[in-house]
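What follows is a set of notes on a single structure, which appears directly below.
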Amino acid sequence: MLGDVAKADEAESVVARTVEALGGLDIVVNNAGIDANEWHDVADWPIEKFDEIMAVNTRGPFLVSKFAIPHLLAAGGGSMLHISSVCAVTVWAGDCAYDISKAALNMLSDHIAVEYGSRGIISNTLMPGVVRTALHENVMEGMNDGRAFERVLLSRHPIGRFGTVEEIAESAAFLCSGVAPFLTGSNILIDGAYSRV
């Protein structure tokens, strides 16, 4: 189901069409995310770019969650997973909008876990480190000396490599499987120990 999750009517429609197509809802993954592909200190950040990132990365998951939660409750509970970032707990100087948006996503997940846990909804975030995705490639290409910066990033991963999409997917599948319902309200780093250096 396609739609702009930053727009309330489209987010609601995506959830409604998904429920109609599947006959219900028991798993929700908030994975939409963008970055600006430009770097500024806080005082120089363009307000419109900041708002755009917050709209997709923070407002979007809030809206999807808002419209999905009643369906999860109707099903007797379910799993919500929010794809955050190691940037939620570390600082990439010059990228405050993205970092702030992901920290806010962690807090949204925590609220859902606390407010709906007794009604059967578990909510967690995955916080990947650097993974070679289209978003990563766009950010590197948008930077002056992006590949040099990428080498610095690699050197900060004690595991000696970046993560893979498959590793993130396997962790996501586990968290959505329902086999560990006591695991809720967690913001889980999957970053090759990047955040520990």
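Bear in mind that the values in this text are calculations on the coordinates, not laboratory data. The shown structure was predicted, so the numbers you read here are calculated from the model rather than taken from an experiment. All Cβ positions, even for glycine, are placed from backbone atoms using ideal geometry, and neighbour counts span all protein chains on display.
Summary of values
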| item | result |
| --- | --- |
| Rounded to the nearest 20 debye, dipole of region 42-117 from Cβ charges on Lys, Arg, Asp, Glu | 260 debye |
| Only Lys, Arg (+1) and Asp, Glu (-1) charged, at Cβ; the chain dipole about Cα centre in debye | 580 debye |
| Least to most buried among S65, S195, S155 (fewest other Cβ within 10 Å first) | S155, S195, S65 |
| Highest to lowest packing among 3-9, 174-180, scored as the average C-beta count within 10 Å | 3-9, 174-180 |
| Fraction of the pair-distance distribution of the chain above 26 Å, Cα-Cα pairs, percent | 34 percent |
| Theoretical ellipticity at 222 nm over the chain - DSSP helices of four or more residues, -39500 (n - 2.57) apiece, nearest 500 | -14500 deg cm²/dmol |
| Length released on extending from E166 to F182, taking residue separation times 0.36 nm less the Cα-Cα span | 3.3 nm |
| Nearest-ten-degree value, helix 165-176 long axis tilted from longest Cα axis of the chain | 30 degrees |
| Sorted by Cβ neighbour density within 10 Å, fewest at the top, the residues T125, T184 | T184, T125 |
| Cleavage-rule hits, GluC sites (Glu not before Pro), region 1-80, DSSP coil, Cβ neighbours within 10 Å at most 15 | E38 |
| Three-way shape label, region 4-110, alpha-carbon gyration tensor, a/c 1.5 | prolate |
| Angle between the chain longest axis and helix 8-22 axis [Cα atoms, degrees, rounded to 10] | 60 degrees |
| Order of D44, D191, D35 under a 10 Å beta carbon neighbour criterion, fewest first | D44, D35, D191 |
| Of L81, L153, L25, the one that fluctuates the most in a GNM where the chain has Cα springs shorter than 10 Å | L153 |
| Qualifying lysines (Cα of each under 23 Å from Cα of K49; at least 8 residues distant if same chain) | K7, K102 |
| Residue-wise HN-Hα coupling along region 80-97, computed from phi with Karplus coefficients 6.51, -1.76, 1.60 (Hz; x: Gly, Pro) | 10, 10, 10, 8, 9, 6, 4, 5, 6, 10, 10, 10, 9, 3, x, 10, 4, 4 |
| Principal-axis tilt of helix 146-155 within the chain, Cα atoms, nearest 10 degrees | 80 degrees |
